[in-house]
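Note sheet for the following structure.
The values are calculated or read from the model by the stated rules, or taken from the named source; none is laboratory data. Note that this is a predicted model, so its numbers are computed, not measured. When we count neighbours, we look across all protein chains shown, and the Cβ atoms used for this are built from the backbone with ideal geometry, even at glycine. Note: accessible area is taken over every heavy atom of the protein model, side chains too, but ligands, DNA and RNA are not part of it. Shrake-Rupley method; radii C 1.70, N 1.55, O 1.52, S 1.80 Å.
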Amino acid sequence: MASLNIESKTELRSGHEIPLLGFGVWQTPADEAERCVNEAFKAGYRHIDSAAAYRNEAGCGKAIRVTSTLPRKQIFFTSKVPRASLDYEGAKAQVDKTLAETGLEYIDLMLLHAPYGGSANRKGAWKALVEAVEAGKVRSIGVSNYGVHHLDELEKHIAELEAERGGKGKGGVLSIGQWEIHPWCARNDIAQWCSQRGVAVEAYSPLVRGERWGEPVLKKLAEKYGKSEAQVLIRWSLQKGYIPLPKSVTPERIRANADVFDFELTLEEVNELETDEYKPVCWDPNVSSLED
Ligand SMILES: NC(=O)c1ccc[n+]([C@@H]2O[C@H](COP(=O)([O-])OP(=O)(O)OC[C@H]3O[C@@H](n4cnc5c(N)ncnc54)[C@H](OP(=O)(O)O)[C@@H]3O)[C@@H](O)[C@H]2O)c1
């Protein structure tokens, strides 16, 4: 594999680039977000993953606009439309709310946080994101926690919107999806669906929320490379071709989680780490029905 570094990016189907290492801020308290995002910038991250539901968009925006001296174009900011707003009007309003909360002129990536609301509302929420891209408010769009059945439905919705709105491209471009992915929840069905279509995959809870420290293979590889188990998990994610989003409020951990570019797992080790278990540690809307 091509060697990676902290500045590595990939081009999305939208034509915009995304930094491969992200920084998550779920459960980062609102009054800590500005500090944590700045710690992350100092450690070299340029990609912040927030959401309306995290209630810390304002602190992220302040770090990006005010505290950091980095040019806006070097930073990639993601937010997500929350469960309660997953319909046309809700998603449309949320884009404007996120812009107002953060004070940013555009959002790099807006995701639908989960596949809830029923088919018509999922289509409506997606259409609102498509319009937000056309209005220059959002650059790339995607979904989170969609199962393969939801992704198939989204493709149908995109085709319908193209027919309804005047042709190719008018249904929007699915650039990226975000799922809980780590060796105990590998989601290879979803990864394959995305890879066949050039859709980028973001991996949330890449550290399994700290629930797997000491697992024998993980421990062995950490010892072999003289790295922490967290660093091995982030490396696993990157080497699977994903965009990991580790979260921490702790300065040393924020820095350590970005210090993953001086070693490389072998392909055998990447495979050895992966299990057949399906043990998500977060919510799991992926398995919800199309009626939910
Ligand atoms: N789309 C979705 O539905 C969804 C769902 C969940 C998460 N996400 C995104 O993905 C991000 C990451 O997921 P996550 O927050 O669930 O979990 P995670 O990144 O797997 O784990 C975070 C936990 O690990 C600890 N930690 C971080 N670095 C560590 C290290 N080097 N050594 C030991 N412990 C360490 C953190 O503690 P401290 O903070 O105390 O240091 C925190 O308790 C979120 O912040 C969010 O942006 C998205």
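Worth pointing out:
- When residues of the stretch 263-276 are limited to those that are surrounded by fewer than 18 Cβ atoms within 10 Å (Cβ to Cβ) and part of a loop (DSSP other than H, G, I, E, B), the one nearest to the chain's Cα centre (by Cα): E274
Residue-wise test of (1) within 15 Å of the ligand (Cβ to nearest atom); (2) hydrophobic (A, V, I, L, M, F, W, C); (3) open to solvent by less than 10 Å² (accessible area, probe 1.4 Å); (4) farther than 19 Å from R13 by Cβ.
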position	(1), (2), (3), (4)
P115	yes, no, yes, yes
G124	no, no, no, yes
E134	no, no, no, no
I141	yes, yes, yes, no
S144	yes, no, yes, no
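- The residues listed here are E57, E39; of these, the one that is buried (at least 20 other Cβ atoms within 10 Å of the Cβ), farther than 25 Å from L290 by Cα and in contact with a Pro (Cβ under 6 Å, 6 or more places away or on another chain) is E39.
- Every residue from the stretch 156-178 that is acidic (D, E) and surrounded by 14 or more Cβ atoms within 10 Å (Cβ to Cβ): E162
- Within the stretch 179-200, the set of residues being outside any loop (DSSP other than H, G, I, E, B) and open to solvent by less than 10 Å² (accessible area, probe 1.4 Å) comprises W179, E180, H182, C185, I190, C194.
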